[in-house]
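Notes follow the structure.
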Amino acid sequence: MKIRAIQTGTVEVKKNQVIGKGSGVGRLVNVLFGREWVEPPVPIYAWVIEHAEGIIVVDTGETARASESGYFPRWQPYYKLAVRFHVKPEDEIGAQLKQMGINSKDVTKVILTHMHTDHAGRLHDFPHSTIHVNMPEYKRTRGFQGQIDGYLSHRYPNWFIPQPIQFDGGTFGSFESSWNVTSKGDVKVVPTSGHTPAHVSVIVNLEDINYFLAGDTTYSEENLHRKIPDGVSPDPNQAIETMQNILSFAKEHPTVYLPSHDPNSALRLKAKQTLSVS
Ligand SMILES: [Zn+2]
């Protein structure tokens, strides 16, 4: 088995998104109208797990279309004020898999940590795969409220039918439930509510190390240690609880923590650098 990081471009976000500021609706206002941007732009990672049971992709990254004017709804204040994507066609996950010699037909499963655009932006590259989503997350993308929350369900391919994540695998470490993605049990999904209410993470066990594909549970390892919720989580306290849960897990099991937007995630993966929890 092998895990690879795929960087699908970069994104500029506000400092107040990475480190949430204020309370209640004020947190989002601080993201929208904050003046300082994170410098340099942060990476957008997706992950490929080359497993004996088939290739598993975690998140699909962003599309190059994100740089086109009119791709995002113009009335949506977040896209207008608080985010700038830099994705070239060759950065898209499908193009990069091809470069690696991986045919999209060989990808058996795609797992989405959540459905924000920079994680679900290239579902189009996986017409032959089973795409697993935590169903409450998928439901959240639907309708007008979904659009207000920034989901782009009108951009999903018309063949897209999400398959549920069934949390029938019992507890796993500090996590109250889990789902075995592989029959061997070495790839699991665990609930990591916070950044979105039905956010999930993927844990890959390889040579006694747990690679924690964390999605947006935090934007960096430092923010996990400091338990800093981001500025867009609807429930910052829930986000903190999940961070505590991850730290408890890492205390018991050697864990390499890999958030989607941490500039050091790929380096930590390569170096097998585990979290130190005191
Ligand atoms: Zn997100």
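The values are calculated or read from the model by the stated rules, or taken from the named source; none is laboratory data. Source: prediction; values computed, not measured. With ideal geometry, Cβ positions are generated from the backbone for all residues, glycine too; neighbour counts draw on all protein chains shown. Surface accessibility is based on the protein's heavy atoms, side chains included, excluding ligands, DNA and RNA. Shrake-Rupley method; radii C 1.70, N 1.55, O 1.52, S 1.80 Å.
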Task: Two-site label geometry, Asn264 and Lys21: point separation in nm, points 7 Å out along Cα→Cβ - done: 2.3 nm
- [ ] Considering Cα pairs under 8 angstrom that are at least six residues apart, work out the relative contact order of region 1-45 and quote it in whole percent.
- [x] 55 percent
Open item on the list: Could you tell me the relative contact order of region 181-278? Use alpha-carbon pairs under 8 Å, at least six residues apart, and round to a whole percent.
Closed with: 26 percent
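Among bridges DSSP assigns within the chain, what percent are antiparallel (round to 5)? Provide the component values of the computation, followed by the final result.
Numbers: 31 of 45 bridges.
Roughly 70 percent of the DSSP beta bridges within the chain come out antiparallel.
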Task: Calculated FRET value between Ser153 and Trp75, using beta carbons and R₀ = 22 Å, to 0.05 - done: 0.90
TODO: Taking a cut-off of 20 Å between Cα atoms, list the lysines near Lys227, but don't count ones fewer than 8 places away on the same chain.
DONE: Lys14, Lys15, Lys21, Lys251
- [ ] Over the chain, calculate the relative contact order: mean separation of alpha carbon pairs under 8 Å at least 6 apart, over the residue count, as a percent.
- [x] 17 percent
Open item on the list: Could you put Trp75, Trp47, Trp159 in order of accessible surface area, largest first, with the 1.4 Å probe and the full protein assembly present?
Closed with: Trp75, Trp159, Trp47
Task: Equivalent ellipsoid semi-axes, region 82-182, via Cα gyration tensor eigenvalues times 5, rooted, Å - done: 24, 21, 13
Open item on the list: I need the peptides 173-181, 197-205 ranked by packing, meaning the mean over residues of other C-beta atoms within 10 angstrom, with the highest value on top.
Closed with: 197-205, 173-181
Task: By average C-beta atoms within 10 angstrom, highest first, the peptides 255-262, 270-277, 81-88, 127-134 - done: 255-262, 127-134, 81-88, 270-277
Task: Per residue accessible area of region 19-137, 1.4 Å probe, in Å² - done: 46 Å²
Task: GluC sites (Glu not before Pro) within region 35-102: DSSP coil, no more than 13 neighbouring Cβ in 10 Å - done: Glu36, Glu68
TODO: Using a 10 Å cut-off on Cβ atoms, rank the peptides 115-124, 140-149 from the highest mean neighbour count down.
DONE: 115-124, 140-149
Open item on the list: Rg and Dmax in Å for region 125-231, alpha carbons only: what are they?
Closed with: 15.2, 45
TODO: Pull out the extension gain between Glu222 and Gln99, defined as 0.36 nm times the separation in residues minus the alpha carbon to alpha carbon distance; nm, one decimal.
DONE: 41.0 nm
TODO: For Gln163 paired with Val29, estimate the spin-label separation in nm (one decimal), with each label point 7 Å from Cα along the Cα-to-Cβ line.
DONE: 4.6 nm
